[in-house]
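K.L.:
The following block contains the structure, expressed as structure tokens.
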Amino acid sequence: MLYEGGIRSPLVVWAPGLIEPAKSGTVNRASVFAAIDLVPTLLEIAGAESPGDVRFDGQALPGVLLGRSEASRDEPLFFRRPPDRDVFYGVADLPDLAVRHGKWKLLCEYDGSEPQLYDLEGDRGEAASISVRHPDVVRRLTGAVVAWHEALPPDAGETYVTLKKDQ
């Protein structure tokens, strides 16, 4: 599911001699960092060049991994729920799309309807949608996540499940 309980996950970094000694054993709860940020970050830490024609979706955030910064990625993170997983632990009609940008997290259906907006700095558990109080943020983030979704190839989740059942 696309609520924080489904997409927020820990990352343990171990790099003796590279991580700030005072940061060893600590937890950074401030930075927004995604798996797509790992490759450009590790390349920069290693001082390695990426192939000239490669453009990564992620951002290099070496200071975050090395305990020198609590910065976050500048670009939004987009998520899409597989179409065969609309129900989860008894919750019917889960949101299809999500975008995280700064403190904001928006969830909605594939067509942008039923938006839910959360300020994750004040409501990490996504207990109360504040979409009616921030219509401009809802409009901006909904437009971005729907455009991202429409630019992707269709998800084959339902087809894949059907194929596995037929075999």
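The values are calculated or read from the model by the stated rules, or taken from the named source; none is laboratory data. What you see is a predicted model, and the numbers here were worked out from it, not measured in a lab. Reconstructed Cβ throughout: ideal geometry from the backbone, glycine too, with neighbour counts over all protein chains shown.
For (1) touching a strand residue (DSSP E or B) at 6+ places or on another chain (Cβ under 6 Å); (2) within 21 Å of LEU152 (Cα to Cα), each residue gets a yes or a no:
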position	(1), (2)
LEU18	no, no
LEU38	no, no
THR41	no, no
PRO62	no, no
PHE79	yes, yes
PRO82	no, yes
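K.L.:
When you check VAL91 against the structure, is it modelled with pLDDT of 90 or more and among the β-branched types (Val, Ile, Thr), yes or no?
P.N.:
Here the answer is no, as VAL91 does not meet what is asked.
K.L.:
Oh, and also: Quick one: in region 8-32, which of the residues that are under 14 Å from the mean Cα position of the chain (by Cα) and without any contact (Cβ under 8 Å) to a residue 60 or more places away in the chain is farthest from GLY122 (Cα to Cα)?
P.N.:
Only one residue fits best here, namely LEU11.
K.L.:
State whether one or more residues within region 69-80 are over 29 Å from VAL138 (Cβ atoms) and surrounded by 13 or more Cβ atoms within 10 Å (Cβ to Cβ).
P.N.:
Yes, some residue in region 69-80 is over 29 Å from VAL138 (Cβ atoms) and surrounded by 13 or more Cβ atoms within 10 Å (Cβ to Cβ).
K.L.:
Taking region 89-125 as the search range and keeping residues that are touching a helix residue (DSSP H, G or I) at 6+ places or on another chain (Cβ under 9 Å) and farther than 26 Å from ALA151 by Cβ, which one is surrounded by the fewest Cβ atoms within 10 Å (Cβ to Cβ)?
P.N.:
GLY125
K.L.:
How do the pairs read when you match residues in region 139-166 that are at negative phi with residues anywhere that are among the charged types (D, E, K, R) and modelled with pLDDT under 80, using Cβ under 7 Å and keeping only pairs 6 or more apart or on different chains?
P.N.:
GLY157/ASP84; GLU158/ASP84; VAL161/ASP84
K.L.:
Just to be sure I understand, how many residues within region 9-29 are surrounded by 11 or more Cβ atoms within 10 Å (Cβ to Cβ) and not hydroxyl-bearing (Ser, Thr, Tyr)?
P.N.:
8
K.L.:
Working only within region 30-53, note down all residues that are modelled with pLDDT of 90 or more and among the charged types (D, E, K, R).
P.N.:
If the condition is that a residue be modelled with pLDDT of 90 or more and among the charged types (D, E, K, R), then ASP37, GLU44 are the ones that fit.
K.L.:
When the residues of region 114-167 are filtered to those that are basic (Lys, Arg) and more than 19 Å from ARG80 (Cα to Cα), which remaining residue is modelled with the highest pLDDT?
P.N.:
Applying the filter and picking the extreme gives ARG133.
K.L.:
Kindly evaluate ALA60 against the criterion of being in contact (Cβ under 8 Å) with a residue 40 or more places away in the chain and in contact with a helix residue (DSSP H, G or I) (Cβ under 8 Å, 6 or more places away or on another chain).
P.N.:
no
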